[in-house]
Amino acid sequence: MTKTTIRILPFGGFDISGVEGWLSSMAAQGLRFNMTVGPLVCFERSHPESVQVHLEPILGRTDEDPEGNAIYEDAGWQYWGMFRGNYYVYASADLEACAHTDPDTLDYTLKKFFRQKLAGGVLLLAANLLLLGLYWQGAPWEIDLWWLRYYPVETLSNGTTIPFLLAMVGFLLVDLSYLLGLFHLMGYRRAVQRGSKVHGHRGVGWLLAAGWLILLPVLVNTIQLFSGTDYRPYDVEGSGFVTLTDIEGEDFRLSGNYMYNPDYISHGGTLLDPEHWSFRQYGSFGPNQNPDDVPHLEISIVRYPLEVLAERRAEEWSRQKSNGPEDYEVLAPDYGLDEIRYAPREQWTHTNELTGETRVFLPGGMLILRRGNTVLFADYYGEQNLTEHLDQFAAMLERL
């Protein structure tokens, strides 16, 4: 049986009387304080013992203090370790023992400790601004509410909205825990000055734990961004992606412009940004020719953590990239695909009323495929029919 037990601290980290009482009660249950990891407290299993616990505020560097430990040991106190870098933890079997005999010294210590933690709030504020600033594009006031209403899955999977909302809620809880901690520390100091007893405020510790739990995925996502693992492109050759050559034929000439015919598949994703792929390819066009006047293909793929999200995104794509879902023909599932939707595009001609110039827009079609939690959207301009290549698209999705 393991000798280590982990608990979430139910009190605020600055609630000295609450933490002291809680550590004493845990010792009475046979759990002796060992160390802390964020909002978690680690205990070693031992024999139940009735002890009084004292937290001595650490002023300055968070180093071990052999000299201070020796003084406490001479007075009958046993050193148990450091608590979050804020306190030295001492315990005494004498429940009437007094750790501080000089009230003025204790008041000075608490006053300096309070100022030290108040200054630490600047670092917390900086963390708020840096993390929220990184994902500011996902702030509620930056979101098009109309777009959110009709295309919620696309909006929430843009890589910034969910991280910003999680960071905002997480910091709200952490900041509230910090402010309540300062308030309780002030109350503890006033009680010490009056010589009265102060009770702990249970529950504040859960705010910090919940805040860190919500912030954890945002921190992981941020590490992925700064480490460069959010973007992982790879070569078109050997990728298995359907290309314009597959659709138009081997003799079809592709554009020599790298912007319109890249040799890589754009691929990325993080913990809070669904894995996605994109690729586009254009036929060859002249210097005075509009690129949209030649056959071209654009493919976008997204893999969601839940299949229901992929289903909703397929439906959103059918509304966003056409006149509506009614434009799409829903085909029977085949080739291992769960959904097949196809909307053909007719060739049409437009004459500019001012210049009299006539332009012919290519036909083509839009294809939406879903395989489990992965959804594909292909937008093609040309004379071919994408449904004739369903087997190739299905094989491509299977390889992802």
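Among the residues of the range 50-73, what is the count of those that are among the acidic types (Asp, Glu) and open to solvent by 60 Å² or more (accessible area, probe 1.4 Å)? The qualifying residues number 4. For first residues located in the range 16-35 and in contact (Cβ under 8 Å) with a residue 24 or more places away in the chain, partners that are assigned to a helix (DSSP H, G or I) and among the hydroxyl-bearing types (Ser, Thr, Tyr) and lie 6+ apart or on another chain with Cβ distances below 7 Å form the pairs Ile16/Tyr188; Ser17/Tyr188. Among the residues of the range 213-241, the one identified as over 18 Å from Leu134 (Cα atoms), outside any loop (DSSP other than H, G, I, E, B) and in contact with a helix residue (DSSP H, G or I) (Cβ under 9 Å, 6 or more places away or on another chain) is Leu213. At least 1 residues being of a type in the set (Phe, Trp, Tyr) and touching a helix residue (DSSP H, G or I) at 6+ places or on another chain (Cβ under 6 Å) is the threshold, and among the strands (runs of 3 or more DSSP E) wholly inside the range 347-400 those reaching it are 374-381.
In the range 326-336, of all residues being closer than 24 Å to Glu383 by Cβ and part of a loop (DSSP other than H, G, I, E, B), the one that is least open to solvent (accessible area, probe 1.4 Å) corresponds to Tyr328. Thr4 fulfils the conditions (1) surrounded by 13 or more Cβ atoms within 10 Å (Cβ to Cβ); (2) in contact with a strand residue (DSSP E or B) (Cβ under 8 Å, 6 or more places away or on another chain) except for a single criterion, (1).
Considering Gly203, Gly138, Gly133, Gly181, the condition of being of a type outside the set (Asp, Glu) and at positive phi is satisfied by Gly203 alone. Of all residues in the range 343-361, exactly one satisfies the criterion of being modelled with pLDDT of 90 or more and under 16 Å from Glu298 (Cβ atoms), namely Ala343.
Among residues that are in contact (Cβ under 8 Å) with a residue 12 or more places away in the chain, in a strand (DSSP E or B), open to solvent by 30 Å² or more (accessible area, probe 1.4 Å) and touching an Asp or Glu at 6+ places or on another chain (Cβ under 9 Å), Glu275 is not included. For Asn158, the requirement of being outside any helix (DSSP H, G or I) and of a type outside the set (A, V, I, L, M, F, W, C) is met.
Total residues in the range 74-124 satisfying the condition of being closer than 21 Å to Leu31 by Cα and open to solvent by 40 Å² or more (accessible area, probe 1.4 Å): the figure is 8. Here the condition is being under 22 Å from Ala209 (Cα atoms) and in contact with a strand residue (DSSP E or B) (Cβ under 8 Å, 6 or more places away or on another chain); of Gly76, Gly30, Gly81, Gly68, it holds for Gly81 alone.
Taking the range 38-154 and the strands (runs of 3 or more DSSP E) fully enclosed by it, the elements with 1 or more residues that are among the acidic types (Asp, Glu) are at 40-45, 52-57. Evaluate the following for Phe183: is it open to solvent by 20 Å² or more (accessible area, probe 1.4 Å), over 30 Å from Gly364 (Cα atoms) and not aliphatic (A, V, I, L, M)? Criteria met by Phe183. In the range 179-190, the residues that are under 22 Å from Leu123 (Cβ atoms) reach residues that are of a type in the set (A, V, I, L, M, F, W, C) and not in a helix (DSSP H, G or I) with C-beta atoms within less than 7 angstrom, at least six apart or across chains, in these pairs: Gly181/Phe14; Leu182/Phe14; His184/Phe14; Leu185/Phe14.
Please work out if Val218 is out of contact with any His (no Cβ under 8 Å at 6 or more places or on another chain), open to solvent by less than 20 Å² (accessible area, probe 1.4 Å), of a type in the set (Val, Ile, Thr) and more than 13 Å from Phe11 (Cα to Cα). In short, yes.
The values are calculated or read from the model by the stated rules, or taken from the named source; none is laboratory data. These numbers were taken from a predicted model, which means no experiment stands behind them. So basically every Cβ, Gly included, is an ideal-geometry build from the backbone, and we count neighbours across all protein chains shown. Please note that ligands, DNA and RNA were not included when accessible areas were found on the heavy atoms of the full protein model with its side chains. Shrake-Rupley method; radii C 1.70, N 1.55, O 1.52, S 1.80 Å.
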